[in-house]
1. Taking segment 198-237, which residues are under 19 Å from the mean Cα position of the chain (by Cα), assigned to a loop (DSSP other than H, G, I, E, B) and of a type in the set (A, V, I, L, M)?
2. Give ARG19, ARG13 a once-over and let me know the one that is in a strand (DSSP E or B), in contact (Cβ under 8 Å) with a residue 12 or more places away in the chain and farther than 30 Å from ASP80 by Cα.
3. Which residues, counting only those in segment 448-484, are assigned to a loop (DSSP other than H, G, I, E, B) and under 16 Å from GLY224 (Cβ atoms)?
4. Of the conditions (1) among the hydrophobic types (A, V, I, L, M, F, W, C); (2) surrounded by fewer than 18 Cβ atoms within 10 Å (Cβ to Cβ); (3) under 17 Å from LEU309 (Cα atoms), ALA410 fails just one. Which one is it?
5. Keeping to segment 242-276, report how many residues are charged (D, E, K, R), part of a helix (DSSP H, G or I) and either surrounded by fewer than 17 Cβ atoms within 10 Å (Cβ to Cβ) or without any contact (Cβ under 8 Å) to a residue 24 or more places away in the chain (or both).
6. Residues of segment 22-38 being in contact with a Ser or Thr (Cβ under 7 Å, 6 or more places away or on another chain) and either assigned to a helix (DSSP H, G or I) or charged (D, E, K, R) (or both), which ones?
7. Of everything in segment 122-135 that's hydrophobic (A, V, I, L, M, F, W, C) and modelled with pLDDT of 95 or more, which residue is surrounded by the fewest Cβ atoms within 10 Å (Cβ to Cβ)?
Amino acid sequence: MGTKRIVVDPVTRIEGHLRIEAILNDKGVINDAISSGTMWRGLEVILEGRDPRDAWAFCERICGVCTTVHALASVRCVEDALQIKIPKNAEIIRNIMFLTQFVQDHVIHFYHLHALDWVDIVSALSADPKATATLAQSVSPGKHNATPGYFYDIKNTLKKFVDSGQLGLFQNAYWGHPAYKLPAEANLMAVAHYLEALKWQKEIIKIHTIFGGKNPHPNYLVGGMACTIDLNSDNAINMERLNMVKDLIDNAFDIVENMYIPDLLAIASFYPEWTKYGEGLGNFMSYGDIPQTNIYDKSSYKIPAGIILNKNLSEVHEVDQRDTGQIQEEISHSWYEYPSGADSLHPWEGETKPKYTGPKPPYKNLDENNAYTWLKAPRWKGHAMEVGPLARMLVGYASGDDDFKEVVNAALGKLKLPATALFSTLGRTAARGLETQLCIHWLKQEYNRLIDNLKLGDTRVADTTMWEPKDWPKEAKGVGHTEAPRGALGHWIKIKDEKIDKYQIVVPSTWNASPKDAKGQPGAYEAALKGTPMADPDQPVEILRTIHSFDPCLACATHVIGPDGKKLSEIVVR
């Protein structure tokens, strides 16, 4: 029986609003957990009645982080409904945009959102800069900026923060917690690279501004991309811009190979016990992406699609977003209602009708026996699933893909761990880094594919033959899928009389942060927290380690606004 309930609300260093309630037994181990999204997202309601060609621009603003992948899934679902196949250059450019976001997002997650769960910033003040330089050179011989003078300057900068009593970026953490195990020099090295990554991340996204016009929220187009390529023009994407893209990719390659991956492996080596915690569901799903022919040819994907059940890597099941018997969203523990008393619907039939039945804010605890979240509970053939980097790496590995096998086996060899270690909090964190290694190599390949195709004289980036609504069928439906950095992302649309009749979005964190379903099956967050021991319940760093290993991204609340600007509906939870 649980003896103590810990509430973490809000979980910080994430996008959106997440509340975790963990129930500890008398030995200080988590027995059960509740994951609650505490803000309502009503974007699907906003889209109804609008032009399908504009949907991507609204969907992209569901989040300030996962912008390009929502636009990608959105244009794909409209293209699927209207049976549009985009030109080769557009497919490659979309792959480049996709991979750019993955590399930037994963590096940001490691250093700025997750590393502080493992790195004791204040401990770095006692580090010897000379010993730190020696450590950095041994961890990554190819890394620049690994001199005693460099680390002395970083230590001085950090000391000024601490002496001023204002830790700024590093405020409100559990410094000195017994769960931190890195030596002072490793902490100082990590702080230095935290600051380097902060400067670098604003550079890599320039690729989005070149092909998409801006960032965040780069431009997409139903039928292809909204950019123009003319190698000899000053008013389009020319060779100068393409060379800039190449330089940005080369710089990112250096960051990933000579800073991120060495740091990840070095830090992981101090926390081998975290291969025993955070296992979770054992069910994993990937929609797949990075097509080499077109999005409808799943056999051409660099990231394979598939399902793994019960940690069985010897069998990969097929996933079909169109099959109404496969993917369903349930609401037995969610603050929504479905028509005709239905409890579970496929997204094509889904509804976004809020029905708050929780306690009146402010409240002390939620009731896990009733509805307790604004997130629905997606299920694949009735199974709760984990999505994200670990799922993709496992599906790729189980599919026998050489790229996946190479990086996974190499990392496990360096850490002296068996493959079963991947089913854990540390395995989930490592998987994100290994995926970044693959992505930066694939990014180079996609750039070269684009250049090779342009050399053949093909500069087409869009097919507008189905642009005019007069050419559309009276009714159509489509699905657009992709892999967001955080996992499987699907958009489902129904078009009627040239307008959006229904639109449903199932995001990665809906899968991972889902509540229990009618059968009592927990979501991935809830399952992963079970069995985790805590050193100090008042400083729940262990909870943050596992939750951050998923990189939660709960979209921010959306008020529904009418065409005259008046507020139609607002749900106040806190």
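The values are calculated or read from the model by the stated rules, or taken from the named source; none is laboratory data. Please read these numbers as outputs of a predicted model, since none were measured by experiment. Every residue, glycine as well, gets a Cβ built from its backbone with ideal geometry; the counts of neighbours run over all protein chains shown.
1. Residue satisfying the conditions is ILE205 alone.
2. ARG19
3. Answer for segment 448-484, where residues must be assigned to a loop (DSSP other than H, G, I, E, B) and under 16 Å from GLY224 (Cβ atoms): ASP458, THR459, ARG460, VAL461, ASP463, THR464, THR465, MET466, TRP467, GLU468.
4. (3)
5. Taking segment 242-276 as the starting set, the residues that turn out to be charged (D, E, K, R) are 246-247, 250, 254, 257, 263, 273, 276.
With the extra rule that they be part of a helix (DSSP H, G or I), the set shrinks to 246-247, 250, 254, 257, 263, 273.
Subset that is either surrounded by fewer than 17 Cβ atoms within 10 Å (Cβ to Cβ) or without any contact (Cβ under 8 Å) to a residue 24 or more places away in the chain (or both): 246-247, 250, 254, 273.
Going through segment 242-276 one residue at a time, the tally reaches 5.
6. Across segment 22-38, the qualifying residue is only ASP26.
7. This residue is ALA131.
Residue-by-condition table, conditions (1) closer than 26 Å to ASP254 by Cβ; (2) touching a helix residue (DSSP H, G or I) at 6+ places or on another chain (Cβ under 6 Å):
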| position | (1), (2) |
| --- | --- |
| ALA146 | yes, yes |
| GLY149 | yes, no |
| ASN156 | yes, no |
| TYR174 | no, yes |
| LYS181 | no, no |
| VAL191 | yes, yes |
| TYR194 | yes, yes |
| PHE211 | yes, yes |
